[in-house]
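Let me begin by presenting the structure, written as structure tokens, before commenting on it.
The values are calculated or read from the model by the stated rules, or taken from the named source; none is laboratory data. Model, not experiment: these values are computed from the prediction. Cβ atoms come from the backbone with ideal geometry, glycine included; neighbour counts cover every protein chain shown. We work out accessible area using only protein heavy atoms, side chains counted, and drop any ligands, DNA or RNA first. Shrake-Rupley method; radii C 1.70, N 1.55, O 1.52, S 1.80 Å.
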Amino acid sequence: MSAGKIKNLVIVALALINVFLIATYAWGEAGEISAHREMIGDLCAIMRGNGISLSPSAIGDPLRLAAGEARRDESGEDAVAQAVLGACEKTGAGNISRYESELGTASFNGRGEFIIELLPAAPAAADAESSARRLLRAMGIETAAPSVSRDGDTAYAICMFEDAPVFNCQIRFDFKNGSLAGVSGRRSYPARDTTGDSISGVADALLGFLAYVKSEGIPCGAITGVDAGYQFNVNAAGTGELSPGWRVVSNTGEYFVYSGSGAIERAVSA
């Protein structure tokens, strides 16, 4: 057999192997999707059997998350203050950092909470939502989609870390007479060394939540949202953790199911 024919046979063989590998991968993916859908259906049936309505569409996509150490980010505080106040002077340090400028004042604490108050002479804001989005970019704060929601003269945004929502960190923008009057809320610190507890499966989270409401006698009748993300927990000195888990939104309130420990806590607005 000539060298040219051998070469052609090798090319055809390699092509067939590639087709086989692609088909095998696709078959495996399809099997995983089918198993996932079956598991979601079983979870919904278990909830219905316990008097709790749950639609498959209410369950968000799984994310690969891991706990990480969080430490106070003072350079981030500088960026937030400057984005809102412009050129400003840092007048206090320690657990409480303060800033002043001709536009207003700001204060930050170690738990990530801050308040920025603007003087009445602050520049007019043509549109609250677009102004909030612009400021968030300038502040260097990543937010969940939709990036900004609005309620009257107030706009809100939920913080994110590496494309996952941090549920107990929210930024609030207050407008008055067409101008920004203040910015407040809580921002999460970047996580370092994300080698702690990895996020558990949604089945573990929901079955744990079911056991919790039963043991606590909570009259839960519906679950309207189940999403993966983080909870931000630091002490007054700014040291703590970004912890992965699942937020469960029910007709009786919002809860966070921690992965690893399985602890469940009632969500508190940031």
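Condition first: closer than 23 Å to residue 113 by Cβ and either at pLDDT 95 or above or crowded, with 18+ Cβ neighbours inside 10 Å (or both). Now tell me which residues in region 242-253 satisfy that.
Initial filter on region 242-253 (closer than 23 Å to residue 113 by Cβ): 242-245, 247, 253.
Hits for region 242-253 are 242, 243, 244, 245, 247.
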>> If a residue must be outside any strand (DSSP E or B), open to solvent by 60 Å² or more (accessible area, probe 1.4 Å) and of a type in the set (A, V, I, L, M), how many such residues does region 88-105 contain?
In response: 1
>> Could you tell me how many of the residues in region 216-236 are farther than 17 Å from residue 62 by Cβ, over 17 Å from the mean Cα position of the chain (by Cα), of a type in the set (A, V, I, L, M) and surrounded by 13 or more Cβ atoms within 10 Å (Cβ to Cβ)?
In response: 2
> Going by the conditions given, is residue 71 touching a strand residue (DSSP E or B) at 6+ places or on another chain (Cβ under 6 Å), without any contact (Cβ under 8 Å) to a residue 12 or more places away in the chain, surrounded by fewer than 17 Cβ atoms within 10 Å (Cβ to Cβ) and charged (D, E, K, R)?
Replying inline: no
> If residue 130 passes every condition in (1) touching a residue at least 24 places away in the same chain (Cβ under 8 Å); (2) part of a helix (DSSP H, G or I); (3) farther than 30 Å from residue 243 by Cα but one, which one does it miss?
Replying inline: (1)
> What number of residues within region 133-169 are within 17 Å of residue 118 (Cα to Cα), open to solvent by less than 40 Å² (accessible area, probe 1.4 Å) and assigned to a loop (DSSP other than H, G, I, E, B)?
Replying inline: 0
> Which ones in region 170-193 are surrounded by fewer than 16 Cβ atoms within 10 Å (Cβ to Cβ) and outside any strand (DSSP E or B)?
Replying inline: 177, 178, 190, 193
> Hey, residue 50 hits all of (1) at pLDDT 90 or above; (2) under 23 Å from residue 211 (Cα atoms); (3) buried (at least 16 other Cβ atoms within 10 Å of the Cβ) but one; which does it fall short on?
Replying inline: (3)
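Quick one: which residue in 117, 100 is within 14 Å of residue 179 (Cβ to Cβ) and either among the charged types (D, E, K, R) or free of Cβ contacts under 8 Å to residues at least 24 places away in the same chain (or both)? Please lay out each step first, then the result.
On the way: 100 fails: within 14 Å of residue 179 (Cβ to Cβ).
Only one candidate qualifies: 117.
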>> From the list 215, 243, exactly one residue is of a type outside the set (Phe, Trp, Tyr) and free of Cβ contacts under 8 Å to residues at least 40 places away in the same chain. Which is it?
In response: 215
